[in-house]
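Structure record follows, encoded as structure tokens.
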Amino acid sequence: MPELPEVETVRRDVSRLFVGRKLQRLVVTGRRTVRRHAPELFVRIERQELTNVGRHGKYLCLEWSDGQVLVAHLGMSGQLLVATAGDPTVAHTHAVISFDGGRELRFVDPRTFGELFLADVRAGSRRDEALPERLAELGHLGPDAAGAEPAYLEVVLAGRRAPLKSLLVDQRVLAGIGNIYADEICSEAGLRPDRAGGSLGHDEVVSLAQSARSVLAAAIAARGSTLGDQQYRDLLGNAGRYQLQHKVYGRLAMPCVSCGRSIERLRWGARSAFWCPGCQR
DNA sequence: ACAAATACCTGTAAGC
DNA sequence: TGCTTACAGGTATTTG
């Protein structure tokens, strides 16, 4: 499942391989992948040059020479893959972005939770402004989780009764954290995932912010997590390596690498979390 | 304002 | 073996 570190890995590769290239054509074959507007709208970015690739949370933002922004969200099973024109098309390919020079970016997504859309760039906005301020569709997102600040978290967690993990995966609180990294961040911070958000003391909030930053930075350095289902692959089809450093996620009944106790799974409502009863309180 | 539940979707795995 | 069911979960929307 692509979360912030996986999307950041994709961002860096798209930037490296395609910035400076002109988009020739964007062909949509999956209706659900483009559901916010008519697929024909993409003619607006034909012949535009890719000038920058941004990211906020799990949203990837391809910025073009005339100021338009193409937004991609990979959902649960979405992949962006590099191909050469004429390569065989894999199943569940819903869109193909062709660039000059013959290379393509293909949007492949079996579960179709991902999407692609041309953003509504706010009138008068400048390119040096943050993406949520520039793009109406991203305005609801909280700060990017890779730069989590203790002072901000202290304010947004105050008085909240919801479990800490539920708040961490809430994109309005922090943008970019999903199921895997929420568990790993709680583990790193030594906090039970079912603690009420508002029950954290000052030092615990500081630890949480620091853990968010360090876990996400380490995961980016390892090019993300590729689980057994192989759903996340980078642009060239390579797996990430951060799953080798997971301390709790997916490790049910396995010994904690710190204290040796068995990793457990907590459930509330439709959510669950892996955690270590010896290290987290 | 907040919290919880639900719909969306399909490949995989478990159970009978 | 073949069928049914449960599960995975990010986001938008609805309900309480």
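Taking the dipole about the Cα centre of the stretch A:90-186, with the C-beta of Lys and Arg at +1 and of Asp and Glu at -1, give me whichever of A:Gly124, A:Thr112, A:Gly176 is farthest to the positive side.
About the Cα centre, the residue reaching furthest to the positive side is A:Thr112.
Within 14 Å, Cβ to Cβ, of A:Arg223, how many net charges do the neighbouring residues add up to if Lys/Arg are +1 and Asp/Glu are -1?
0
Looking at the calculated P(r) for chain A, what percent of the C-alpha pair distances fall above 23 Å?
Roughly 55 percent, once rounded to a whole number.
By per-residue mean of other Cβ atoms within 10 Å, what is the highest-first order of A:264-276, A:57-69?
So the order, starting with the most tightly packed, is A:57-69, A:264-276.
Where nothing but the Cβ of Lys and Arg (+1) and of Asp and Glu (-1) is charged, how large is the charge dipole of chain A around its Cα centre, in debye to the nearest 20?
520
Hey, got the dipole for the stretch A:145-275? About the Cα centre, +1 on K and R Cβ, -1 on D and E Cβ, debye to the nearest 20?
Around 320 debye, computed over the stretch A:145-275.
Just how far, in whole angstrom, is the stretch A:11-83 from the stretch A:262-279 if you go by their alpha carbon centroids?
Computed from Cα coordinates, the inter-centre distance equals 37 Å.
If the cut-off is 17 Å between C-alpha atoms, which lysines fall inside it for A:Lys247, apart from same-chain ones fewer than 8 positions away?
Cross-link targets: A:Lys165.
Could you go through the stretch A:56-71 in sequence order and give the Karplus-derived ³J(HN,Hα) for each residue, using 6.51 cos²θ - 1.76 cosθ + 1.60 with θ = phi - 60°, rounded to whole Hz, and x for Gly and Pro?
So the J values, rounded to whole Hz, are 9, x, 9, 8, 9, 10, 8, 9, 10, 4, 8, x, 6, 10, 9, 9.
Name the residue, out of A:Ala219, A:Ala83, A:Ala182, whose mean-square fluctuation peaks in a Gaussian network model built on chain A with Cα pairs under 10 Å.
Taking springs between Cα atoms under 10 Å, the residue moving most is A:Ala83.
Which of A:Met254, A:Met1 has the fewest other C-beta atoms within 10 Å, and how do the rest follow up to the most?
By the 10 Å Cβ count, ascending: A:Met254, A:Met1.
Which residues' amide hydrogens lie under 5 Å from the amide hydrogen of A:Ala175, considering only partners 5 or more residues apart or on another chain, with H built in the peptide plane?
Correct list: A:Gly142, A:Asp144, A:Ala145.
Read the figures in this text as sums done on the coordinates, not as results from a lab. Here the structure is a predicted model, which means the values were calculated and not measured. Positions of Cβ are generated from backbone atoms using ideal geometry, with glycine treated the same way; all protein chains shown enter the neighbour counts.
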